[in-house]
Amino acid sequence: MTHVETELHGMIRESVGEIAAEFDRSYWREHIENRTFPESYWNELADQGWLGVAIPETFGGEGLGMLEMTMVIEELSRGGGQGGIVFVLTPVFGGISVLRHGSTAQKEQILPGIADGSLRFCMGLTEPRAGTNTLAIDTTATRDGETFVIDGQKTFISGVENADKMLLVARTSSFDRSNPTHGVTMFLIDEPAERDAISLTELDTTVPWFERQYQVDIDGLVVPEESVLGTEDGGMYLLFDTLNTERIGGAASALGGGLRAIDLAVDYACDREVFGKPIGAHQAIQHPLAEYYAKLMAAREITYTAAAKWDADQNCGMEANAAKYLASEYATEAASQAIQTHGGNGFTPEYEVYDIWQNVRLTQTAPISNEMVKNFIAEHHLGLPRSY
């Protein structure tokens with residue numbers, strides 16, 4: 001599935017790039033240092049319709065697809081700041097999940113709020129013991145008539161303090177080795193930071209994000225059965241579908257970050273003069289930047305292919321995982337080379353490239369490690385024995 005750039009795609013890039021340019025480095029540094037949500041940035045995205053880019057017009061969105069959302073995330077990330085990060089939790093976890101698997105009532109309740117920026121999501125998946133083995137989660141949701149009682153613990157959960165809803169993954173039936181994907185359910189939890197049965201412990205990380213990370217302890221949270229997304233015990237299939245879009249969105253964010261690092265390195269190499277000429281005139285500077293730019297262009301193509309296949313309701317697992325892997329690896333290499341291009345300045349707060357490196361380096365580990373991505377490709381597409 002070859003990507004062809006259309007006039008619409010060019011318009012998306014131009015319009016989104018203009019928004020990103022309005023919010024400079026000082027804006028993002030203030031929000032990162034204070035760990036505050038970028039309200040004005042978010043509202044601008046909502047006002048221009050980009051938060052609802054993949055939401056149907058009947059629910060207040062633009063009626064486009066995952067491919068266009070991918071381009072929006074890429075361009076926001078390439079424009080600087082944390083536009084890619086801010087996009088994944090709500091438009092992907094919230095919007096795509098509910099659009100794809102929600103009931104009519106859930107869609108009518110949630111999708112317009114995502115499109116107009118009034119509703120924000122977080123995702124409650126990762127657990128201390130289970131790690132990447134979602135089938136081993138300990139959080140349980142026990143049915144009690146027309147309600148569920150949820151108990152458990154989640155960790156490294158982003159943005160809970162700003163979330164109006166949490167997409168929470170819990171086990172509703174015991175693990176059955178003969179039917180391993182059965183028994184997991186996804187719930188839509190209202191106002192997670194305000195619930196008496198939920199307590200939050202902030203985790204200290206060194207990644208330069210505006211979002212805070214939390215350990216989330218859940219003790220006797222009662223939710224109605226209407227909060228189930230999809231079907232009881234059938235949540236793993238929904239989760240796999242959602243995680244493919246998370247990988248695509250994450251790849252787009254890393255891709256944009258890597259391209260921004262290249263952009264900044266090129267600007268610096270053209271301006272910085274040593275030995276009587278710009279350092280960019282030397283092949284030792286030129287060739288690595290050209291190499292990583294070429295690699296990022298290749299990663300972009302498979303990212304777009306994954307998004308286009310998802311829009312066409314085709315299996316995009318291979319492409320989504322490959323996109324996440326390649327974009328995260330190449331973006332990290334590109335950001336590292338951008339630091340090298342800047343010399344000592346690359347490690348100072350006045351320049352952006354070290355922050356970019358920290359953010360894109362994280363994408364090799366989260367939302368899933370690149371080792372697990374390679375396990376998936378080896379087992380499901382090369383036919384090698386399962387390794388874990």
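Looking across the stretch 131-154, the residues that are crowded, with 18+ Cβ neighbours inside 10 Å and modelled with pLDDT under 95 come down to Thr134, Ile137. Picking from residues in the stretch 57-105 that are farther than 21 Å from Asn162 by Cβ and among the hydroxyl-bearing types (Ser, Thr, Tyr), the one that is surrounded by the most Cβ atoms within 10 Å (Cβ to Cβ) is Thr70. For beta carbons closer than 8 Å, sequence separation of 6+ or different chains, a first residue in the stretch 266-289 that is exposed (fewer than 12 other Cβ atoms within 10 Å of the Cβ) and a second that is not β-branched (Val, Ile, Thr), the qualifying pairs are Asp271/Pro278.
Would you please list the contacts, defined by Cβ atoms under 9 Å and residues six or more apart or on different chains, that run from a residue in the stretch 181-197 that is closer than 13 Å to Cys122 by Cβ and touching a residue at least 24 places away in the same chain (Cβ under 8 Å) to a residue that is basic (Lys, Arg) and part of a loop (DSSP other than H, G, I, E, B)? Matching pairs, first to second residue: Ile189/Arg195. Within the stretch 311-327, the set of residues being surrounded by 24 or more Cβ atoms within 10 Å (Cβ to Cβ) and part of a helix (DSSP H, G or I) comprises Glu319, Ala320, Asn321, Ala323, Lys324, Tyr325, Ala327. Against the conditions (1) crowded, with 22+ Cβ neighbours inside 10 Å; (2) at pLDDT 95 or above; (3) among the hydrophobic types (A, V, I, L, M, F, W, C); (4) under 30 Å from Gln82 (Cα atoms), Leu119 satisfies every one except (1). The condition of being in contact with a Pro (Cβ under 7 Å, 6 or more places away or on another chain) and outside the structural domain of Gly256 (by TED's automatic domain parsing) holds for only one of Leu111, Leu67, Leu89, Leu51, that being Leu51. Tally up the residues in the stretch 229-260 that are free of Cβ contacts under 8 Å to residues at least 60 places away in the same chain and more than 30 Å from Arg300 (Cα to Cα), please. Here the count works out to 2.
Of everything listed in (1) under 21 Å from Gly84 (Cβ atoms); (2) of a type in the set (Val, Ile, Thr); (3) surrounded by 16 or more Cβ atoms within 10 Å (Cβ to Cβ), the single unmet condition for Thr365 is (3).
Scan the stretch 112-134 and give yes if some residue there is touching an Asp or Glu at 6+ places or on another chain (Cβ under 6 Å) and among the β-branched types (Val, Ile, Thr), otherwise no. The answer is no, given that none of the residues of the stretch 112-134 is touching an Asp or Glu at 6+ places or on another chain (Cβ under 6 Å) and among the β-branched types (Val, Ile, Thr).
From the list Thr6, Thr58, Thr90, which residue is out of contact with any helix residue (DSSP H, G or I) (no Cβ under 7 Å at 6 or more places or on another chain) and at pLDDT below 95? It is Thr6.
Please state which one of Ala338, Ala312, Ala307 is outside the structural domain of Ala54 (by TED's automatic domain parsing) and closer than 15 Å to Ala251 by Cα. The match here is Ala307.
The values are calculated or read from the model by the stated rules, or taken from the named source; none is laboratory data. On a predicted model such as this, the values are computed, not experimentally measured, just so you know. Here Cβ is always computed from backbone atoms with ideal geometry, including for glycine, and neighbour counts include all displayed protein chains.
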